[in-house]
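Each remark here refers to the structure printed beneath this line.
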Amino acid sequence: MANRVTIDALADWLRAQDDVLILGHVFPDGDAAGSALAVGHALAALGKRCAVYLPGGMPRLYAALPGADGVIDSPEALDFVPKAALAVDVSEPERLGEQGRAMFEACDRRAALDHHHTNPGFGQLYALDGDAAAAGELVVQLIEALGLSLTKEMAECLFVAISTDCGQFNFSNTRPETFRAAAKCAEAGIDIAGITQALYRTRTRGRTKLLGLVLAGLETSGDGRVAWAQMPEAMLREAGAISEDKEGIVNYLLEIEGVEVAVLAEQRGDATKFSLRSSDAVNVARDIAVPLGGGGHNCAAGVTLQLPLEEALSKVLELARRAAST
Ligand code: 5GP
Ligand code: MN
C-alpha cells in the first residue's frame with residue numbers, strides 16, 4: 001500500500017537510504033530530466049551513491065545540464081546494485097517504461113515525488129503536490145528539507161525543470177511558489193540568459209523544418225474550437241528531425257484564435273502518440289486522455305493508442321469535439 005507523506009518525511013526517508021536509483025518518465029521532458037539530475041546532485045552532496053536513469057537516456061535538448069553525461073539508460077550501465085528507488089515526475093508506474101518499472105520494482109525500498117493530479121500514488125511512500133507547476137518546484141523543497149543549500153549545478157537543473165513545465169512562467173499552473181523556487185535558482189548564480197537562449201531561443205534546422213511541415217497540415221473543426229495536425233514518421237525523415245523535436249509544436253495549434261483543444265498526432269511505428277493541449281475552458285486529461293487510457297494535467301495531457309494514425313486520430317477527435325463544445 002502506497003503511503004502519502006510530506007516532502008519533509010520523504011527527505012527523512014531519503015536520508016536513511018544509500019545506493020539510490022533515481023528514475024524519470026518515458027520520453028523525458030525538461031522537468032523529468034532536470035528534477036532527476038538535481039536529486040542526484042543532492043544525494044551525492046550527502047555522500048550517497050546514486051544513479052539517474054531516464055528511459056531512452058538523456059534527451060539531446062538537455063544534454064548540457066550538469067550531470068547529464070552520467071545518466072544511464074539501462075540496468076547494465078549501473079555500477080552498483082541499487083537498494084532504494086525514487087521516481088521523480090512520474091505520474092504512474094507505467095510511465096517508467098517496462099525497463100524502468102522493472103528496475104524500480106527490483107529495489108527493496110521505493111518512493112515517488114510528483115506533481116500530477118492524476119497520480120494514484122505508488123511505491124511504499126510518495127509525496128505529491130498536484131498544484132505544483134513542476135516536479136522541480138518540489139525538488140527545491142526536498143533539497144531544503146534535506147538541509148542542503150542549492151548549488152549552482154542543482155539550480156541549473158531545477159531552473160530548466162521548472163521553467164519548461166510552466167511554459168516559462170506563462171501557463172496557468174504557474175503559482176507564487178513557482179516564482180519563489182525559480183528565484184532560489186537565480187540566487188544560486190545560474191546564467192538565466194544562457195540557459196533560456198539554448199532552450200527557448202535556439203532551434204536546430206531539423207526542428208524548424210518539422211515545425212513548418214506540421215503546421216502546413218493544420219486542420220480545424222467547423223466551429224474552430226479544435227485544431228489538429230499529423231506527424232507521420234516520414235515527416236520526421238523529410239525534416240531531418242527526431243521525435244523530441246516535436247516538443248512545443250502543439251502549442252502553435254493552441255495559439256490559434258478561438259481554439260480550445262489542440263491535438264498533435266505522432267506516428268510511432270504501429271502506435272500513435274497524442275499531445276493534447278487546452279485553454280482553461282477544457283480539461284483534456286479528464287475528458288480525452290484518461291478515457292482512452294492516458295493521463296496528464298488539465299491543460300496538457302497525452303495518450304498513446306495502439307492504432308494506426310488516421311484511426312487513432314478519429315477516436316481522439318471525437319472526444320476532443322465533445323469536450324470543446326460542452
Ligand atoms: P506531452 O504532450 O508533452 O508528451 O505530454 C504532456 C503530458 O501528458 C505529460 O506531462 C504527461 O503527464 C502526459 N502524457 C503524455 N503522454 C502520455 C501517455 O502516453 N500516457 C499518459 N498516461 N500520460 C501521458
Ligand atoms: Mn512535470
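From the set of residues in the range 176-196 that are open to solvent by 50 Å² or more (accessible area, probe 1.4 Å) and under 20 Å from the mean Cα position of the chain (by Cα), which is nearest to E238 (Cα to Cα)? Break it down into steps so the answer makes sense when it comes.
We begin by selecting, within the range 176-196, every residue open to solvent by 50 Å² or more (accessible area, probe 1.4 Å); these are 176-177, 179-180, 184, 187, 191-193.
Still in the list and also under 20 Å from the mean Cα position of the chain (by Cα): 177, 179.
On the way: E177: 42, F179: 40 Å.
Applying the filter and picking the extreme gives F179.
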Can you run down the residue pairs with Cβ atoms below 7 Å, 6 or more apart or on separate chains, where the first is in the range 108-122 and surrounded by fewer than 21 Cβ atoms within 10 Å (Cβ to Cβ) and the partner is assigned to a loop (DSSP other than H, G, I, E, B) and basic (K, R)? D108/K83; R109/K83
With criteria (1) within 15 Å of ligand 2 (Cβ to nearest atom); (2) of a type outside the set (D, E); (3) free of Cβ contacts under 8 Å to residues at least 40 places away in the same chain, S149 comes up short on (1)
Name, by its number, the condition in (1) more than 16 Å from ligand 1 (Cβ to nearest atom); (2) open to solvent by less than 10 Å² (accessible area, probe 1.4 Å); (3) part of a loop (DSSP other than H, G, I, E, B) that does not hold for V90. (1)
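Can you tell me which residue within the range 1-32, out of those that are part of a loop (DSSP other than H, G, I, E, B) and among the polar types (S, T, N, Q), is surrounded by the most Cβ atoms within 10 Å (Cβ to Cβ)?
Filtering the range 1-32 down to residues part of a loop (DSSP other than H, G, I, E, B) leaves 1-2, 5-6, 16-19, 24-29.
Next cut, among the polar types (S, T, N, Q) only: 6, 17.
Working: T6: 12, Q17: 20.
The residue in question is Q17.
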Looking only at residues that are open to solvent by less than 10 Å² (accessible area, probe 1.4 Å) and more than 16 Å from ligand 2 (Cβ to nearest atom) in the range 279-291, which one is farthest from K315 (Cα to Cα)? V282
Which pairs turn up if I take residues in the range 162-174 that are outside the structural domain of G130 (by TED's automatic domain parsing) and free of Cβ contacts under 8 Å to residues at least 24 places away in the same chain and look for partners that are part of a helix (DSSP H, G or I) and of a type outside the set (D, E, K, R) with beta carbon separation below 6 Å, at least 6 apart in sequence or on another chain? none
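Report whether or not E98 is open to solvent by 20 Å² or more (accessible area, probe 1.4 Å), under 25 Å from E244 (Cβ atoms) and of a type outside the set (A, V, I, L, M).
Working: open to solvent by 20 Å² or more (accessible area, probe 1.4 Å): yes; under 25 Å from E244 (Cβ atoms): yes; of a type outside the set (A, V, I, L, M): yes.
When the stated conditions are applied, E98 passes them.
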Kindly indicate whether any position in the range 36-46 is more than 20 Å from L150 (Cα to Cα), open to solvent by 50 Å² or more (accessible area, probe 1.4 Å) and at pLDDT 95 or above. no
So which residues in the range 53-83 are modelled with pLDDT of 95 or more, outside any loop (DSSP other than H, G, I, E, B), under 17 Å from A38 (Cα atoms) and not charged (D, E, K, R), if there are any at all? Y53, Y62, A68, G70, I72
Residue among F171, F159 that is modelled with pLDDT under 95 and surrounded by 15 or more Cβ atoms within 10 Å (Cβ to Cβ): F171
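The values are calculated or read from the model by the stated rules, or taken from the named source; none is laboratory data. Nothing here was measured: the structure is a model prediction, and the numbers come from that model. All Cβ positions, even for glycine, are placed from backbone atoms using ideal geometry, and neighbour counts span all protein chains on display. Keep in mind that these areas ignore ligands, DNA and RNA; they rest on the heavy atoms of the full protein, side chains included. Shrake-Rupley method; radii C 1.70, N 1.55, O 1.52, S 1.80 Å.
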